[in-house]
1. Looking at region A:11-25, which of the residues that are part of a helix (DSSP H, G or I) and more than 8 Å from chain B (Cβ to nearest Cβ) is surrounded by the fewest Cβ atoms within 10 Å (Cβ to Cβ)?
2. Suppose we filter region A:269-325 for residues that are touching a Ser or Thr at 6+ places or on another chain (Cβ under 8 Å) and surrounded by fewer than 14 Cβ atoms within 10 Å (Cβ to Cβ); how many remain?
3. Of everything in region A:499-514, what is assigned to a loop (DSSP other than H, G, I, E, B) and not β-branched (V, I, T)? Give them in sequence order.
4. Report yes if some residue within region A:80-92 is over 30 Å from A:M427 (Cβ atoms), modelled with pLDDT under 90, more than 29 Å from the chain's Cα centre (by Cα) and not basic (K, R); otherwise report no.
5. Tally time: how many residues in region A:131-159 are more than 25 Å from A:A456 (Cα to Cα) and surrounded by 24 or more Cβ atoms within 10 Å (Cβ to Cβ)?
6. Kindly indicate which of B:K323, B:K300 is assigned to a loop (DSSP other than H, G, I, E, B), closer than 23 Å to B:Y96 by Cα and among the charged types (D, E, K, R).
7. Within region A:472-481, is there a residue that is touching a Pro at 6+ places or on another chain (Cβ under 9 Å) and either within 22 Å of B:R28 (Cβ to Cβ) or buried (at least 16 other Cβ atoms within 10 Å of the Cβ) (or both)?
8. Given B:I94, B:I102, which one is β-branched (V, I, T) and in a loop (DSSP other than H, G, I, E, B)?
Number of protein chains: 2
Amino acid sequence: MEGEILENSHPIHNVNFAKPRSFGETLRSDLVETLFPDDPFKDFRNAPPNKKFLKGVQYFVPIFEWLPKYNMKLFRYDVLAGITIASLAIPQGISYANLAKIPPIIGLYSSFVPPFIYAIFGSSKNLAVGTVATCSLIIGQTIGEKVSPTDNLKLYLQLVFTATFITGVLQTALGVLRLGFLVDFLSHSTITGFMGGTAVIISLQQLKGIFGISHFTTKTDVVSVLKTVFIRRHEWHWQSAVVGIIFLAFLHFTKYLKNKKPKLFWISAMAPLVTVIVGGLFAYFAHAEKYGIHVVGPLKRGINPSTIKDLNFDLNYVSAPIKAGVITAILALAEGIAIGRSFAITQNQQTDGNKEMIAFGLMNIVGSFTSCYLTTGPFSKTAVNYNAGCKTQMSNIVMAIIMMLTLLLLAPLFSYTPMVALSAIIMSAMFGLIEYDKYYHLYKVDKFDFCICMVAFLGVSFINMDTGLALSVGLGMIRTLLYTARPATCKLINLPNTNLYRDVEQYPVSTHSIPGILILQLGSPIFYTNSGYVRERILRWIRDEESNGDSQGDSVEHIILDLGGVTSIDMTGIEGFFELRRLLEAKAIKVAIVNPRIEVLEKMIKSKFIDNIGKEFVFLSIDDAIEAYKFRLDAPNKLT
Amino acid sequence: MEGEILENSHPIHNVNFAKPRSFGETLRSDLVETLFPDDPFKDFRNAPPNKKFLKGVQYFVPIFEWLPKYNMKLFRYDVLAGITIASLAIPQGISYANLAKIPPIIGLYSSFVPPFIYAIFGSSKNLAVGTVATCSLIIGQTIGEKVSPTDNLKLYLQLVFTATFITGVLQTALGVLRLGFLVDFLSHSTITGFMGGTAVIISLQQLKGIFGISHFTTKTDVVSVLKTVFIRRHEWHWQSAVVGIIFLAFLHFTKYLKNKKPKLFWISAMAPLVTVIVGGLFAYFAHAEKYGIHVVGPLKRGINPSTIKDLNFDLNYVSAPIKAGVITAILALAEGIAIGRSFAITQNQQTDGNKEMIAFGLMNIVGSFTSCYLTTGPFSKTAVNYNAGCKTQMSNIVMAIIMMLTLLLLAPLFSYTPMVALSAIIMSAMFGLIEYDKYYHLYKVDKFDFCICMVAFLGVSFINMDTGLALSVGLGMIRTLLYTARPATCKLINLPNTNLYRDVEQYPVSTHSIPGILILQLGSPIFYTNSGYVRERILRWIRDEESNGDSQGDSVEHIILDLGGVTSIDMTGIEGFFELRRLLEAKAIKVAIVNPRIEVLEKMIKSKFIDNIGKEFVFLSIDDAIEAYKFRLDAPNKLT
């Protein structure tokens, strides 16, 4: 009878109480949303069978897509870009190998095989493959804790290759299982802070090279490193420091030039190679070793030897490569994917993160078989590649060929490279990673994100890299869980002369609120983590409403809950609603719900909550709910 | 100029671009929401100073509130309830002590001191204090792993008291720091499954007592226990089994009676005591020991000795009491608070979870000083207390006094209690905890909650208690994180003849959608965990829209994002919006946002996103946004 009366006052549309979808349907749609949000197979799903196969191959091996369309015009651009990134790859390869405490030649090897693999399987047209400072340092640190590279270089190298192999397998697996979204759990704030902190400790470590100190601490934190530098004053070589400062000034000047005139980017891209060459000539002719300026030392001619048999899974040591492999896999992915994506955006292309992961993974697996250590798509190199006008993945192939020629013909020449030149190159690269303006921006916009960033920055600088990273990621997760534990609720008020209902705190208008009615908007999701809170908060809204004279009426008789923003609810959330209804019933307050979304309504139907409050108390809009309430006021005797 | 033109078409209300609140303000309001959602000091905040003090004392020590108003009429009810729960406390105390592998007298001690403390500090009028089977078993298991109670009972007991002390300190600390919401991270589904699993393993363990087996496994999982029972067939005593089955049948019958006629609840409440007394008489007169029916053994007269000096923080052992203390603290709180609350709801009262935690904590701290082990508010006992008509916390005091008299005068009589009677009492209590109907309900309503529940149930039954609990809690957190990683988005459609916009999947009406406009509603929150997904999903909506002919127009020109349901956003989320805008700009698609909530709008202003898209593309309602779009269509040359 109640429903009948209310129907008269009911407007054109009713809430859709359709039968809930089956479990299979919801599961399927949830899985699709979780694993295939970008609908990767869209291009060939509806193609005819023969095309489907071709499209499929092209999807998984992108070189089949771009190579057939390749022409000489594109090649001219790619050759130029390839030469430019190769000139960066040589000094970076040697420098970062130094951070990983491995022989410099391995740094050069690592810019030969992996770019080939990426050119076949990678889908980003701008990404340039290479080694990265952060991951090199992590590898050096983590494996160095287990085995000293000076005591047992063979074993140390085996573990480095094993770490690279583990990285590759993990990256491939994440891509194949389409778990790429896990990388999202590293927030930008964490990465920004982590990179900054790493840049600080890597720069400080270079003081060893700049001052030509022979004995150095193995710790990375700021305090230990600075202490060592000052304690070892007697080992300082002023000649080395002078050379270092000149190189640093030169590198810095070229960067300054690039910032002033972006067209001159190639000067700053070539600068590291110039530094290495000038440094080498100087060291050779001035017999720099005599003045305490160390050089890299012998480099053998020849391309990458096979290291398949060097992979070492000895249970006594394997924990170190696993740790290094897992951390660097995630970091390398985060850097590589973010960078590929951001360059793709500027060119209005799209990259598929999961597919990129597979490319990175294969590149590292093959790398670990061929004397390479971890590679990814570093930001600096990719930016240079882009600026140099690369058009396709061919620029990576050009770079690889140049590296091959270098390895076959020129490698021994680089043995005269002074360490101080490498230190200057690394330091100069690191300064750019400390992004003061970003920290300030975070501070301005979101204090919690700023904390997450600073925890990473300070944790890395003053404790160590894993701890800083773990603390920052943990803080990010706590934030997420805290958010779901405390979803925002607000009281809605009718904006005068409209049918809009908005947060009264945000739109403090003085309007005619209807006595006895309280309208609340609930936040999302309503889960076990917050179901108790939501209940308490609603009760508090009612108390607040009853205690101030705002609502003219002295007591709340009707509460309207706008669930339009609630996209998900679980069992405990539903139980919370049952409890709330019991509590309010005792106070003679009626509950109406407005606009439950599909997933929420399904669960409310299945759990019989809708039957409990009555279908006539579920409305499609706040206006409907108020209408029904007014109607009931006019005819109270007919209802209660 | 653009803003000017649009103003003409703009309706009565504008988006409120007020200056963002200061950091202090938002921090304060966030902290209040997180720690004081129930506004606990509401009653005495605005009272005059002298009243304020009194109210404050009454708030922290509730006995000052209810005792002055106490009268004989209430006392009559409480005495009856107190006697009833005392009759339950004696057999339960002895039985559960057995589960914790401690002497039975400690079970009796534990029903003497803690109820007194709770009566002073506790705020629930119905809660009856006592020991619980689950936590007793956890204590027995965890500490038993470190020290065997048969080899070194003194040390074992010291560690049990230490665990109780740690539990008490932790509970008090959580309450004082108002971190009670952490208990919410144990969902109902986890607790239901955990309790069921525990009931299974506890019941199986009682087969030892029922069959009178002397040598038993220390493992708890189903497989090990059943194996032991069958291997030790030669130790079975049929006399014991017969007695056990008779007791079980009797206890079960009284429960059946209670379910049929709820008024006869006192029969089932008294049944365990009757079992103990009849069992004791039988054992005494029939010399049951001869037939393999073991009895409890000597019980000394006298009340609780002090155990302050027994607290043992020896680093060799302290890990076990810490583990036991932390797990049982959380479980005991979850049970005690949930139960206090659910009974309060039936009587339209409110309990403050954080205050209750302090009461439980103090009760356990004092308990650990006075030979008691862990106590909380067990469900069964509280239900009996409520049914027996208790009116205030006085019923706990009555129970405590009866326990004192029992300890001083009658304790030795209970030494003849046969173990088989205790096993029957425990088993009968446990059967009620396996809630088949709840599992089925979960299965029907929410498959994910069902999984969480079953992981706890099966994990506890087949692995062990901590693992089962940890797996289930972990699964719950993964669900929460996954939810935030994949918030629901939907396409909105105008319901004919209204100004309502609803999910097209939920309300599949055939309506005149305006060509070129796509309206999407985004889920909440937009965090780093999902910012990439949200961007991809929006792009997919656009592709879907463009590929089906539904929208008449062939391409999307304008996308309207309804942010009304988005209650929170972080820095990565904002960056995602910037990226989205860049991507869409390249496709010549305009972005408009509708009804950003206060927190979201503040961050969008601070991060200059609003300046980036232009204030004239931020609207208060979808209608406004469409209106503005139409207006722009009419006057295209004036705008682009």
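1. For region A:11-25, the residue satisfying everything is A:G24.
2. 5
3. Those that are assigned to a loop (DSSP other than H, G, I, E, B) and not β-branched (V, I, T): A:N499, A:L500, A:E505, A:Q506, A:Y507, A:P508, A:S510, A:H512, A:S513.
4. No, that holds for no residue.
5. Residues that pass the stated criteria total 1.
6. B:K300
7. Filtering region A:472-481 down to residues touching a Pro at 6+ places or on another chain (Cβ under 9 Å) leaves A:480.
Now restrict to residues that are either within 22 Å of B:R28 (Cβ to Cβ) or buried (at least 16 other Cβ atoms within 10 Å of the Cβ) (or both): A:480.
Within region A:472-481, one or more residues are touching a Pro at 6+ places or on another chain (Cβ under 9 Å) and either within 22 Å of B:R28 (Cβ to Cβ) or buried (at least 16 other Cβ atoms within 10 Å of the Cβ) (or both).
8. Among B:I94, B:I102, only B:I102 is β-branched (V, I, T) and in a loop (DSSP other than H, G, I, E, B).
The values are calculated or read from the model by the stated rules, or taken from the named source; none is laboratory data. Just so it is clear, the structure is predicted and the values come from calculations on it, not from any experiment. For neighbour counting, all protein chains shown are included, and Cβ atoms are generated from backbone atoms with ideal geometry for every residue, glycine included.
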